Amino acid sequence: MLVKSAASPDASVLLSEAGDYPAVKRVLEFISVCRRDRPSMEAVADHVGLSVSQFQHLFERWAGLTPEAFLQAITIERARRLLRDSSSLLDAAHDADLSGPGRPHDLFVAHDAMPPGDTRRAGLRLSYGFHPSPFGEAIVVAAPRGLAGLGFVDDGARAAALADMQRRWPLAALVADQAATAPLAALAFEPAEWRPEAPLRVVLIGGDFERRVWETLLSVPMGCATTYSNIARRIGKPKAARAVGGAVGRNPISFVVPCHRVLGRSGALTGYHWGLPRKQAIIGWEAGRRAAVG
């Protein structure tokens with residue numbers, strides 16, 4: 001795995017994108033409140049204190065899309081099309097056993113499993129650090145074998161983000177170690193480093209049902225979407241959509257294990273542990289990356 005220094009060009013890109021996110025978040029919050037009024041791009045730009053030209057450049061730099069294309073990418077109409085178009089693709093992937101252990105998805109992720117009981121028996125030590133990301137500051141948690149947790153920090157509340165991770169593994173020892181988590185953060189958020197020969201290794205620490213749900217999420221490619229009921233069907237528990245929703249909500253590895261790609265049956269974005277504006281931002285950002293390669 002390539003390890004980047006804090007001064008590397010890729011780190012500079014992450015810092016720039018992290019600096020853009022607060023403005024993007026304000027745009028999404030404003031649009032959600034005023035969506036029925038269909039505000040003009042000029043009105044939205046003015047709300048976040050930018051000229052129309054600056055507003056245009058913000059989204060083209062951050063998402064690789066114009067503001068209009070970005071906002072179109074997160075509409076419920078597009079979400080419905082994604083669900084319709086993704087269904088056959090995901091079924092084909094499932095039939096081909098593409099979601100089996102160690103199989104890479106579009107982020108080139110290889111995964112390992114750890115039952116929660118192992119955290120008690122082994123006295124598990126987890127490292128954590130705070131790093132820039134395209135979606136605001138992230139908390140990254142590393143187990144000895146790879147990435148175990150990834151969440152986001154809102155309004156500088158690092159203590160709350162750390163407590164959220166600690167609640168997930170109450171008997172594990174979380175120790176600050178920025179050097180251990182920096183390579184994982186860089187690999188998770190830098191598309192230029194998403195390579196099959198150097199996969200990002202993640203460790204799924206949870207019960208059997210949870211791990212099956214999270215493994216299924218790993219098979220949902222960028223630019224696709226699925227539903228809770230579809231995941232339930234694919235893991236052989238067609239009546240367990242509500243339990244699937246609970247497992248999706250407990251996913252400790254945001255973005256990499258893509259719970260943001262799970263939508264309501266109608267195409268609604270539904271809930272997201274790290275906030276709906278961030279879910280919208282990730283979906284729109286991914287749409288730009290998908291357009292760039294396809």
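Where a number appears in this text, it was derived from the coordinates with a stated rule and is not lab data. Keep in mind it's a predicted model, so treat the numbers as computed, not measured. Here the Cβ positions follow ideal geometry from the backbone for every residue, glycine too, while neighbour counts run over all protein chains shown.
Per 10 Å bin from zero, what fraction in whole % of the C-alpha pairs of the range 160-264 is there, up to the bin with the longest pair?
For the range 160-264, the binned pair fractions read 13, 41, 33, 12, 0 percent.
Net charge around Arg261, counting only other residues with Cβ within less than 10 Å of its Cβ (Lys, Arg = +1; Asp, Glu = -1)? Please report the intermediate quantities before stating the final value.
Numbers: positive: Lys279; negative: Glu286.
Result for the local shell: 0.
Under the Karplus relation 6.51 cos²θ - 1.76 cosθ + 1.60, θ = phi - 60°, what is the ordered set of whole-Hz ³J(HN,Hα) values for the range 66-74, x standing for Gly and Pro?
Whole-Hz 3J(HN,Hα) from phi for the range 66-74: 5, x, 4, 5, 4, 5, 5, 5, 10.
Run the numbers for Arg250 and Ala292: contour at 0.36 nm per residue of separation, minus the present Cα-Cα distance, in nm.
On the way: separation 42, 0.36 × 42 = 15.12 nm, distance 3.13 nm.
Working it through step by step, the gained length comes to 12.0 nm.
With labels modelled as points extended 7 Å from the Cα through the Cβ direction, what inter-label distance (nm, one decimal) is found for Glu68 paired with Gln54?
Simple spin-label model gives 2.3 nm for this pair.
Would you please give the FRET efficiency between Arg158 and Lys239, computed as 1/(1 + (r/R0)^6) with r the Cβ-Cβ distance and R0 = 30 Å, to the nearest 0.05?
Details: r = 40 Å, r/R0 = 1.34.
Result of the calculation: an efficiency of 0.15.
Using the Cβ atoms and a cut-off under 15 Å, what net charge is assigned to the surroundings of Asp154, where Lys and Arg are +1 and Asp and Glu are -1?
Details: positive: Lys25, Arg26, Arg158, Arg278, Lys279; negative: Glu29, Glu137, Asp155, Asp164.
Result for the neighbourhood of Asp154: +1.
Figure the gain on full extension for Glu77 and Ser32 (residue separation times 0.36 nm, minus the Cα-Cα span) and round it to one decimal in nm.
Details: separation 45, 0.36 × 45 = 16.20 nm, distance 1.51 nm.
Here the segment from Glu77 to Ser32 would lengthen by 14.7 nm.
In nm, give the distance between the simple-model label positions of Ser266 and Phe209, each being 7 Å from the Cα along the Cα-to-Cβ direction.
Roughly 2.7 nm, to one decimal.
Based on the mean of other Cβ atoms within 10 Å per residue, sort peptides 158-167, 243-252 so the most packed one is first. If you can, show how the numbers build up before the last one.
Working: 158-167: 14.9, 243-252: 19.7.
My ranking of the peptides, most packed first, is 243-252, 158-167.
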